[in-house]
Amino acid sequence: MHLCCHPVAKLLVWQLVLSTLSSAYDANRVVCDADQNIFCPPSTSCCPTFKSRKEPDVVVRYSCLMGWSSRFPRGPCCPHYEDETVLENFDGSYWRGGTGCGNGYECASSSIDTPICVINSTAHPMDYQGNPIKNKYETMPRYRACKSFTKDGISLHGLPMPLSAALSYKNSSSLTSTDGLDEHYMGQLAYFSNIGQIIADDRVNSDIKTAIIGIHGSGRDAGTYLCALTAIAVDASKERSFLRGQKGHLNRKDVLVVAPWFTAPADDIPPTSSSLPYLQWDAQYPIFHTWRYGAESILDANDKHNMTISSFGAMDVLLESLCDRNQFPNLQRIVVIGHSAGGQFVHRWALSSNSWCFGNGQFVHRWAPKADLPNVRVVVANPRSFTYLDARRYFVVSDQIVGVKEDERSLSEDEGTLTPFTNYELRSPSAAEENECNSFNKYEWGLDPDERVPAPYVINNVQKLIDHGDNTELFCRYASRDVVYLTGQRDIETLSAENRYQGLHGDRFQGPSRRERSERFFASLQVRGRELEFCGRIGGESTQVHERRIVKQVAHDHALIFSSPEGIQAMFG
């Protein structure tokens, strides 16, 4: 591809200007210009917008640039000018913000003037631990920057968790205490939001028609999810056909963005004025990132109720707060999207949740809604593993011989199918295969209880729908929910590629890479759907369980996944 880079002279001026702009860190905020009350969320960088190319040193506003991980420094901001920004707006009513590149890349344009990033062959990028960053690709898409915030605009808020939510799945006795309001709550879920506190006694959110809940990954960088999703709401509002069943186009002012923060003891959490503490989940024990599989919160030594709550139970409370017509009378759609560990979270939560807020299913089933509810769509992006609903996995057909082990074979980056399904079948493992990993179907890879990974929310909720080993009821409920799977075309790193993945045999039973695991899980849903005649699906012409899309030229990167055409379509299409 022929590349048309910016002239060297202009690039040097740009780098000189950037070197004079400092970004300080101030209690979970990045300071762009304190005097002008301009801030960015944590784990982002301040990107200036200049007045014009003729005045490249006059900063008129800022945007906030993300990266693919909070563990890595951000890359360069790409030059952005106010006069060109006005021209690119279709109606001039809002400002889109700038763009940037990953660490080790530089801003460029393709032969057709498409903004891209190209690898900087002379750079030697390092992560925060001093380890070299290995950039694999010559070109990458640009990152979208979000509009900067005021200081109060990125304050941390808390959603109170009622004790009844913690008791609902524990077969415990009902709460009887009535001594004071706080007697009925056990803590609060931390979150960021583009409108501030989402629940207020003196306010009705009548303007909100679409809500997006972004679930962070293992880096617990909720602020970057707030930034990514607010930027995407602006992009989506330029299109006129994303929301099904509605005339006109998405109005960014009608969109609520919520980014929950499932905090851990190691996190730098600002103090709260509430008597309710922020809930925390263990990040190390019994396995990493326990919130992603629905673990119980850490018991607060000062909690007189001696109660914990599942991260999935906390998610139910958030969802049902948005479904409250007294608070959000005109809300039409809720999108819950998660990437990586966040993708695992939203997948397992959608599978196990008993929340009354789910409805508008695709199947004729008793789970159909009985009230006026917003549609809930779940978008599962690049999870490392899935929870299968039975003990079957894709194995090589018994009379086939494969010369290369799955986790060692080289995978293609094209858009085709990676699994050679003509040589594979969905079946229970043989005795020899099961000996390789006798825990392959224990939770979180399957639904068999695992005492090492206690998840009472999941086990109790799904067991109510499984009749003597028959998962029909559970499958049909999950299939009835509006779920879209997103997979990065380049997310093909195999389990053997990094030492941290060694021993994850349950993952290996699902496929050698994230992309192929997504492919196989989705295929397994179609097999089970055909076995059950798609649970009596409405409009029998379409016989597919859920949807799946491959995101072109993107690997394991939430910001690029979300801002891609496939990502925007998955959320709003």
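What follows draws every value from the coordinates through simple rules; no lab data is involved. These numbers were taken from a predicted model, which means no experiment stands behind them. Please note: Cβ atoms are built from the backbone with ideal geometry, for glycine as well, and neighbour counts cover all protein chains shown.
Listing for the model above:
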| item | result |
| --- | --- |
| FRET efficiency estimate (nearest 0.05) - Cβ-Cβ, residue 155 to residue 131, R0 35 angstrom | 0.55 |
| R0 of 60 Å, Cβ-Cβ distance residue 110-residue 451: FRET efficiency to nearest 0.05 | 0.65 |
| Inter-site label distance for residue 267 and residue 372 at 7 Å from Cα along Cβ, in nm | 3.5 nm |
| Convex hull of segment 245-310 built on C-alpha atoms - directionally averaged projected area, nm² | 7.9 nm² |
| Distance between modelled label sites at residue 201 and residue 432, nm, 7 Å Cα→Cβ extension | 6.9 nm |
| Estimated FRET transfer efficiency when R0 is 45 angstrom, pair residue 139-residue 305 (beta carbons, to 0.05) | 0.25 |
| Listed pairs 170/464; 147/552; 136/552 exceeding 18 Å between Cα atoms | 147/552 |
| Two-site label geometry, residue 285 and residue 164: point separation in nm, points 7 Å out along Cα→Cβ | 3.5 nm |
| Amide N proximity, segment 33-48 versus residue 60 label position 7 Å along Cα-to-Cβ, cut-off under 19 Å | 33, 36-39, 47-48 |
| Segment 102-158 - percent relative contact order, Cα under 8 Å, separation 6 or more | 29 percent |
